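Student: Please see the structure below; I have some questions.
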Amino acid sequence: MADKPSIPKGTRDFSPLEMTRRSYIFDTIREIFKLHGFLPIETPAMENLTTLLGKYGDEGDKLVFKVLNSGDFKAKLSREELEGPAARLGNLISGKGLRYDLTVPFARYVVQHRSEIAFPFKRYQIQPVWRADRPQRGRYREFYQCDADVIGSSDLLNEFELIQIIGEVFEALRLSVEVRLNHRKVLAGIAEVIGIPERMTDFTVAVDKLEKVGREGVMDELRQKGIGQGSLSRLDPLLDLEGSTREKLDFLEDFLHTSEIGNEGLAEVRRLFEYEGDHPVGTRLEFDLTLARGLNYYTGSILEVNSQEVSMGSICGGGRYDDLTGIFGLEGVSGVGISFGADRIYDVLQQLDRFPEEGELDTRLLFVNFGETEVRHILPILGRLRKRGIAAELYPEPAKMKKQMNYAHQRGIPFVALVGEQEIREGILTLREMDSGSQEKLTTDELLERLSPAK
């Protein structure tokens, strides 16, 4: 007996209704990216492992899906290598991997195509990414990201424009969100002040888990990494820092007064909040000292967006990266970007029932098929409807009326047109509204006017 068809855990099929709703999200985000002057690119699903590994930290590297080399990939391996640790063997028999995010491939793209690019380069990219993570609610192994990045400029106006884009996207999607802001230089300053400047990665990876594991969980992880009690005691009050953004920044100014890098980050945070004060972005912008975003490539401002209505984890995030293209041989090019998690946004919109009704419709009108004569009369009318932007179709065979009406009902088609011998003689058609059952006689011109999208 054949196995029952299935798909890998952490992946999903999407029905027509789900695709229509996803397109609504993608189209909303894409149009706002375009309004801000961002240009589209695409990169391959697979990248060389040398491109991917070493950019996400140890934990991120473990989640890269590796692709087996073609042919007899074991032929050149020794017995010792074949029987060695699985992680090391994976690197020996795989030279490629599915992309983990869109940012590292973008940095590779910039370096590879730098002679064709006018800097600063503002690009957007809407494509799937893959992570070998444990599937759970809101976390998938295959999911889409919608990224916007500016590379080739270090000015904070870029960060502020991305915060504006976040506000505009979620306003258009009718979602209430909170944008949390921090700065890697502030975190570096804290690591310096508490005496562990060389342990920045361990420090940020642990702090980034505060919401998930709690204060004691963070402290335990740092202890396990060998961070001394003196450093943990100095860190302790910062994990409970409360008050307004101004109060938090004033406290940090005093705490970081001996750290040059910490004060640089603090000054940039203050400037962003000044911009926001002069030009509100329509969303709640908060300073969050515990926001660390564990990815190694962030060097400046870091952002994370959460729904204020549904507990879902972050639905958008990003930050400044000054060194990413340097890894690929192009030094001194700073970038900053954000990434919208379309799948989590979908889940939030679905839970809140915020998808627009018109976004759920595809075909607006179905013509009933009475036979060959009627079909020949209907075909030119179909052409006129479609030129007007009205999605319409003709049932493909002269089946029983009940079957055709059931089809319209199952598809959620709101209108059905009846064109029989009498309608052809009179130069009209009968339009039935499916919800109410009401009918009206219309000419073709009147039908076009009745169903044309509102301008």
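The values are calculated or read from the model by the stated rules, or taken from the named source; none is laboratory data. All of these numbers come straight from a predicted model, not from anything done at the bench. All Cβ positions, even for glycine, are placed from backbone atoms using ideal geometry, and neighbour counts span all protein chains on display.
Student: Would you pick out the residues in segment 169-191 that are in a helix (DSSP H, G or I) and surrounded by fewer than 19 Cβ atoms within 10 Å (Cβ to Cβ)?
Tutor: Correct list: Glu171, Ala172.
Student: Checking the conditions here, which among Ile126, Ile165 is β-branched (Val, Ile, Thr), outside any loop (DSSP other than H, G, I, E, B), assigned by TED's automatic domain parsing to the domain that holds Arg271 and within 26 Å of Ser244 (Cα to Cα)?
Tutor: Going through Ile126, Ile165 in turn, the sole match is Ile165.
Student: Further question on the same structure: If I go through segment 141-167 residue by residue, how many of them are farther than 19 Å from Glu274 by Cα and within 15 Å of the chain's Cα centre (by Cα)? Give the steps one after another, and end with the answer.
Tutor: Here is the first cut: in segment 141-167, the ones farther than 19 Å from Glu274 by Cα are 141-153.
Imposing the further condition that a residue be within 15 Å of the chain's Cα centre (by Cα) reduces the set to 141-149.
So the count comes out to 9.
Student: Another question, if that's okay. In segment 325-346, which residues are closer than 17 Å to Glu178 by Cβ and part of a helix (DSSP H, G or I)?
Tutor: The answer is Arg344, Ile345.
Student: Looking at Ile117 and the list (1) closer than 30 Å to Glu168 by Cα; (2) at pLDDT below 90; (3) more than 19 Å from the chain's Cα centre (by Cα), which single condition is not satisfied?
Tutor: Looking at each condition in turn, Ile117 falls short on (2).
Student: Taking the stated definitions as given, is Gln350 under 27 Å from Ile25 (Cβ atoms), loosely packed, with under 14 Cβ neighbours inside 10 Å and among the polar types (S, T, N, Q)? Write out each step before concluding.
Tutor: Numbers: under 27 Å from Ile25 (Cβ atoms): yes; loosely packed, with under 14 Cβ neighbours inside 10 Å: yes; among the polar types (S, T, N, Q): yes.
Yes: the conditions hold for Gln350.
Student: Surrounded by fewer than 20 Cβ atoms within 10 Å (Cβ to Cβ) and touching a residue at least 60 places away in the same chain (Cβ under 8 Å): is that true of Phe143 in this structure? Working first, answer last.
Tutor: Values: surrounded by fewer than 20 Cβ atoms within 10 Å (Cβ to Cβ): no; touching a residue at least 60 places away in the same chain (Cβ under 8 Å): yes.
Considered against the rule, which asks whether it is surrounded by fewer than 20 Cβ atoms within 10 Å (Cβ to Cβ) and touching a residue at least 60 places away in the same chain (Cβ under 8 Å), Phe143 comes out as no.
Student: What's the number of the condition Ile424 fails, among (1) over 44 Å from the mean Cα position of the chain (by Cα); (2) closer than 23 Å to Leu17 by Cβ; (3) not charged (D, E, K, R)?
Tutor: (2)
Student: In this structure, does Ala172 turn out to be assigned by TED's automatic domain parsing to the domain that holds Gly341, closer than 30 Å to Glu357 by Cα and either free of Cβ contacts under 8 Å to residues at least 40 places away in the same chain or not β-branched (Val, Ile, Thr) (or both)?
Tutor: Numbers: assigned by TED's automatic domain parsing to the domain that holds Gly341: yes; closer than 30 Å to Glu357 by Cα: yes; either free of Cβ contacts under 8 Å to residues at least 40 places away in the same chain or not β-branched (Val, Ile, Thr) (or both): yes.
Yes: the conditions hold for Ala172.
Student: Hey, could you check segment 363-395 for residues that are outside any loop (DSSP other than H, G, I, E, B) and among the small types (Gly, Ala, Ser) and say which is farthest from Ser436 (Cα to Cα)? Reasoning before the result, please.
Tutor: The initial filter retains those residues of segment 363-395 that are outside any loop (DSSP other than H, G, I, E, B), namely 365-367, 372-387, 392-394.
Checking the rest, the ones that are also among the small types (Gly, Ala, Ser) come to 383, 392.
Working: Gly383: 27, Ala392: 20 Å.
My answer is Gly383.
Student: Shifting gears a bit: Pairs under 8 Å by beta carbon, first residue under 30 Å from Ser23 (Cα atoms) and assigned by TED's automatic domain parsing to the domain that holds Ile165 in segment 325-350, partner of a type in the set (Ser, Thr, Tyr) and part of a helix (DSSP H, G or I), six or more apart or different chains?
Tutor: Gly335/Thr325; Gly337/Thr103; Ser339/Thr103
Student: Okay, moving on. Tally up the residues in segment 378-404 that are of a type outside the set (D, E, K, R), surrounded by fewer than 17 Cβ atoms within 10 Å (Cβ to Cβ) and without any contact (Cβ under 8 Å) to a residue 60 or more places away in the chain, please.
Tutor: 8
Student: Considering every residue within segment 210-221, establish whether at least one is exposed (fewer than 12 other Cβ atoms within 10 Å of the Cβ), in a loop (DSSP other than H, G, I, E, B), out of contact with any strand residue (DSSP E or B) (no Cβ under 9 Å at 6 or more places or on another chain) and among the acidic types (Asp, Glu). It would help to see each step written out before you state the result.
Tutor: Keep residues of segment 210-221 that are exposed (fewer than 12 other Cβ atoms within 10 Å of the Cβ), which gives 212, 216.
Now narrow it down to the ones that are in a loop (DSSP other than H, G, I, E, B): none.
No - not one qualifying residue is present in segment 210-221.
Student: Whether any residue in segment 154-161 is part of a loop (DSSP other than H, G, I, E, B) and either touching a Leu at 6+ places or on another chain (Cβ under 7 Å) or not polar (S, T, N, Q) (or both) is what I want to check.
Tutor: Within segment 154-161, one or more residues are part of a loop (DSSP other than H, G, I, E, B) and either touching a Leu at 6+ places or on another chain (Cβ under 7 Å) or not polar (S, T, N, Q) (or both).
Student: Examine segment 132-140 for a residue that is more than 20 Å from the chain's Cα centre (by Cα) and at pLDDT below 95, and state whether such a residue exists.
Tutor: The answer is no; no qualifying residue exists.
Student: Same structure, new question: Name the residue, out of Phe287, Phe370, that is modelled with pLDDT of 95 or more, crowded, with 20+ Cβ neighbours inside 10 Å and of a type in the set (Phe, Trp, Tyr).
Tutor: Details: Phe287 fails: modelled with pLDDT of 95 or more.
Unique residue meeting the criteria: Phe370.
Student: Shifting gears a bit: Among the listed residues Val333, Val310, which satisfies the condition of being of a type in the set (Val, Ile, Thr) and crowded, with 22+ Cβ neighbours inside 10 Å?
Tutor: Val333
Student: How many residues, within segment 396-423, are of a type in the set (Gly, Ala, Ser) and assigned to a loop (DSSP other than H, G, I, E, B)?
Tutor: 3
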